[in-house]
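The values are calculated or read from the model by the stated rules, or taken from the named source; none is laboratory data. Being a predicted model, the structure only gives us computed values, none of them experimental. Here Cβ is always computed from backbone atoms with ideal geometry, including for glycine, and neighbour counts include all displayed protein chains. Each accessible area value is taken on the protein alone, full model and side chains, heavy atoms only, with ligands, DNA and RNA left out. Shrake-Rupley method; radii C 1.70, N 1.55, O 1.52, S 1.80 Å.
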Amino acid sequence: QVQLVESGGGWVQPGGSLKLSCEASGFTFSTYYMSWYRQAPGKERELVASIGISGGITNYADSAKGRFTVSRDSGNNMVYLQMNSLKVEDTAVYYCKAHNPWNAYWGQGTQVTVSS
């Protein structure tokens with residue numbers, strides 16, 4: 001069956017870094033756009049970063065530009081989110097999403113906590 005499994009979350013101090021991973025299975029990874037969303041307590045879920053099918057086109061929320069980098073590895077069906085210079089306001093559950101014009105899938109989420 002279709003699965004998106006996130007990993008790499010945890011606790012980090014402000015200014016630190018984390019790299020999130022999303023492992024995809026059960027669908028044709030190379031035909032899907034991939035995105036990272038996050039949801040903080042009391043907030044709406046928001047788009048953080050997205051990457052095109054070939055990996056050549058990326059987009060970032062204003063809050064993530066210059067600090068986060070999204071990438072994908074087609075050979076291993078993986079998508080990554082490298083997060084640097086983390087801030088307290090980055091604290092949220094981060095979700096991996098795969099979609100194309102016909103389908104959309106979500107991962108279970110991984111917690112990222114930034115605090116001193």
Checklist entry - In percent, how large is the relative contact order of the chain, given Cα pairs closer than 8 Å and 6 or more residues apart? => result 35
Checklist entry - Per residue, how much accessible area does the chain have with a 1.4 Å probe, in Å²? => result 52
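Which net charge results when you count Lys and Arg as +1 and Asp and Glu as -1 among the other residues whose beta-carbon is under 11 Å from that of Asp90?
Local charge sum for Asp90: +2.
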Item to check | Cα principal axis extents for the chain, largest first, Å | outcome: 41, 26, 24
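Can you figure out the FRET efficiency of Trp106 with Ser17, using R₀ = 30 Å and their beta-carbon distance, to the nearest 0.05? If you can, show how the numbers build up before the last one.
Numbers: r = 25 Å, r/R0 = 0.83.
It comes to 0.75.
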Checklist entry - Per the 1.4 Å probe, what fraction of the accessible area of the stretch 58-100, in percent, lies on carbon and sulfur atoms? => result 43
Checklist entry - Can you work out the FRET efficiency for the pair Glu46 and Ser25, with r the C-beta to C-beta distance and R0 = 35 Å, to the nearest 0.05? => result 0.85
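In Å, the Kirkwood hydrodynamic radius of the stretch 4-58 over pairs of distinct alpha carbons?
About 13.3 Å for the stretch 4-58.
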